[in-house]
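Here's the structure we're looking at; comments come further down.
The values are calculated or read from the model by the stated rules, or taken from the named source; none is laboratory data. From a predicted model like this one, the values you see are computed outputs, not experimental measurements. A quick note on method: Cβ atoms are made from the backbone with ideal geometry, for glycine too, and the neighbour counts reach across all protein chains shown. Ligands, DNA and RNA are stripped out before the accessible areas are found, and what is left, the full protein with its side chains, is counted by its heavy atoms. Shrake-Rupley method; radii C 1.70, N 1.55, O 1.52, S 1.80 Å.
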Amino acid sequence: MQIHLKTLGCRLNEAELETWAQAFQAKGHAITRNVNDAQLVVINSCAVTQDAVKKSKQLIRRVHRDNPQAKLVVSGCYATLNESEAAQLMGVDLIVGNNDKNQLVERTLSELNMDSMPAMSTEPGEVSLFSRGRQRAFVKVQDGCRYRCTFCIVTVARGEERSRSIDEVVAEINALHAQGINEAIITGVHLGGYGSDIGSDLAELVQSILARTEIPRLRMGSLEPWELPDGFFELFKNPRLLPHLHLPLQSGSDSVLRRMARRCKTAEFAELVNRARSAIPHFNVTTDIIVGFPGETEEEWRESVEYIQRIGFGHIHIFSYSPREGTKAAGLPNQISQELKRQRSRELHALAETMKQAFIESNLGTVAPVLWEGQTETLANGELRYFGYTPNYLRVACTVPAERILENLIVPARLDSVAADFVNASLAE
């Protein structure tokens, strides 16, 4: 059976997609990039914002329209929070909530009468990421969150914290590496809370992965800037742990952070960033900012912008606040007008681009090992342009002769100049 997998939202959703892909392959089925070729489509939906809910519903409808003969399974946060609504969408054959995600493959095959074992069933010979055009693997190590930020619905959708065992994570990364994956990104809803339920912590997990696997590159996904274990930044002295952290700040104003019920003050966040940058040169810190949170005054906005400028980020994901039904923030007074949110968003986008360019320019002239991806462009002269990422997560591109193969190789490159959405580089072998 040909199976097509789609996801919206976070890296955790992507990690779950890969787990399902491996499990379907182990049952003898194949993963296809083309939705029109599939007999089964699985969608991992998102509900982090009202816009994400809208996109999830649109994706479900579009998949059914494009391939009405395929069986359609929907999971993820939208399907969990709006189960009856999702089940009634045209074409949906099965809903699997977040609590049952680890049984999605078995439930799909049995409940949709697809569980006949193919005659030539074998273990998958190639990690399905490659069949989906990916070279880096997201590995889910933790799910759920014990905190309740006032804007967040994901903690409701994902439930209580649950950590995978270190042995299980190590085994998965070793299996991925054996199949050709050279970079793993460990991810979770509350990654910093890893191990709270099993007597461990994030530092022990990372140390174990580095000691018990040989995967060349290990990266951490989005990490809430609190509860980092003692000695955390010492881990980055191992060059296999890549010098990039995405630390969601959400606001540079302490009074806004209090209304958000965030657990990290701006002074504590600044200290974390200083420690990271002191540990490793060119350490890249990226973040999330919510613009126009309820009650955000002009004074708080100016305070936030000035703080963000002082810290300096390699990249900022900017979200204009939108009320999310089921969250405390949706009922807070003094909601901000759409026009003011757009105005503040434009200002922050301009600042973010300036900071991003400054960080890139500080890296020019350096040589970095780049993991080159499968995405290429053929230029007018017949040469190929490859894209890849440095350890500190700068997207780079280099031009090579058509016969040169770089896909999924780690080859050093010199960072030469800034282009529109990447850094021009030249191989430095």
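The solvent-accessible area of His317, taken with every protein chain present and a 1.4 Å probe, is close to 80 Å².
Output the pairs from Lys6/Lys237; Lys6/Lys341; Lys71/Lys328; Lys27/Lys140; Lys140/Lys341 with a Cα-Cα distance over 27 Å in this structure; if there are none, say none.
Details: Lys6/Lys237 36 Å; Lys6/Lys341 31 Å; Lys71/Lys328 37 Å; Lys27/Lys140 21 Å; Lys140/Lys341 34 Å.
Where the Cα-Cα span goes over 27 Å, the pairs concerned are Lys6/Lys237; Lys6/Lys341; Lys71/Lys328; Lys140/Lys341.
About the centre of its Cα atoms, the range 251-308 shows a dipole size close to 340 debye [charges on the beta carbon of Lys, Arg (+1) and Asp, Glu (-1) only; nearest 20 debye]. At a Cβ-Cβ separation cutoff of 4.7 angstrom, cysteine residues of the chain with no neighbouring cysteine are Cys10, Cys46, Cys77, Cys145, Cys264, Cys398. Each of Thr266, His244, Ser320 was scored by the projection of its Cα onto the charge dipole of the range 237-327, and the greatest displacement toward the positive side belongs to His244; charges sit on the C-beta of Lys, Arg, Asp and Glu. Bridges between two residues of the chain, per DSSP, are antiparallel at a rate of about 35%.
With the whole protein complex present, Ile31 retains an accessible surface near 20 Å², based on a 1.4 Å probe.
Maximal additional length on extending the Glu160-Ala270 stretch stands at 36.7 nm, based on 0.36 nm per residue less the C-alpha distance.
Counting heavy atoms of the protein chains alone, Tyr386 has an accessible area of about 10 Å² for a 1.4 Å probe. The mean accessible area for residues of the chain, using a 1.4 Å probe and ignoring ligands and nucleic acids, is 43 Å² per residue.
For Glu383 and Ala279, FRET efficiency with R0 = 30 Å and r from the beta-carbon atoms, rounded to 0.05? Efficiency for this residue pair is about 0.20. Residue ranking by accessible heavy-atom surface, 1.4 Å probe, largest first, among Thr286, Thr399 comes out as Thr399, Thr286.
Using R₀ = 51 Å, calculate the FRET efficiency as 1/(1 + (r/R₀)^6) where r is the Cβ-Cβ separation of Asp197 and Thr366; round to 0.05.
E(calc), rounded to 0.05, equals 0.80.
Taking all Cα-Cα distances within the range 201-342, those exceeding 27 Å account for 30%. For the pair Gln69 and Ser417, label points projected 7 Å from Cα toward Cβ lie 5.1 nm apart. Positive end of the dipole of the chain (Cβ unit charges, origin at the Cα centre): among Met355, Pro281, Trp372, the Cα lying farthest that way belongs to Met355.
Computed over protein heavy atoms with a 1.4 angstrom probe, the accessible surface ordering of Val189, Val73, largest first, is Val189, Val73.
Of the solvent-accessible surface of the chain, computed with a 1.4 Å probe and all protein chains present, 49% belongs to carbon and sulfur.
Measuring nothing but how far apart in sequence close Cα pairs (under 8 Å, 6+ apart) lie, relative to its length, the range 159-215 scores a relative contact order of 51 percent. Calculated [222 nm] ellipticity per residue, helices only, for the chain: -10500 deg cm²/dmol; basis is -39500 (n - 2.57) per DSSP H run with n ≥ 4, divided by all residues, nearest 500.
Charged side chains reduced to their Cβ positions (Lys and Arg at +1, Asp and Glu at -1) give the chain a dipole of some 660 debye around its Cα centre. Full extension of the segment from Ala261 to Glu85, taken as 0.36 nm per residue of separation minus the current Cα-Cα distance, would add 60.3 nm.
Estimated from the Cβ-Cβ distance and a Förster radius of 35 angstrom, the FRET efficiency linking Arg62 and Asp100 is about 0.90. The label point for Ile318 and the one for Leu210, both projected 7 Å from the Cα toward the Cβ, are 3.6 nm apart.
Placing +1 on the Cβ of every Lys and Arg and -1 on the Cβ of every Asp and Glu, with nothing else charged, gives the range 188-337 a dipole about its Cα centre of roughly 340 debye. Averaging over all projection directions, the Cα-based convex hull of the range 224-298 occupies 5.3 nm² in the image plane.
Partner lysines whose Cα lies under 18 Å from the Cα of Lys265, excluding those fewer than 8 positions away in the same chain, are not found.
These residues, His244, His315, go from largest to smallest accessible area, 1.4 Å probe, as His315, His244. Note on Cα extents along the principal axes in Å: of the candidates (i) 77, 58, 36; (ii) 59, 56, 46; (iii) 65, 57, 50, the value calculated from this structure sits at (iii). Taking all Cα pairs closer than 8 Å and separated by 6 or more residues, the relative contact order of the chain comes to 10 percent.
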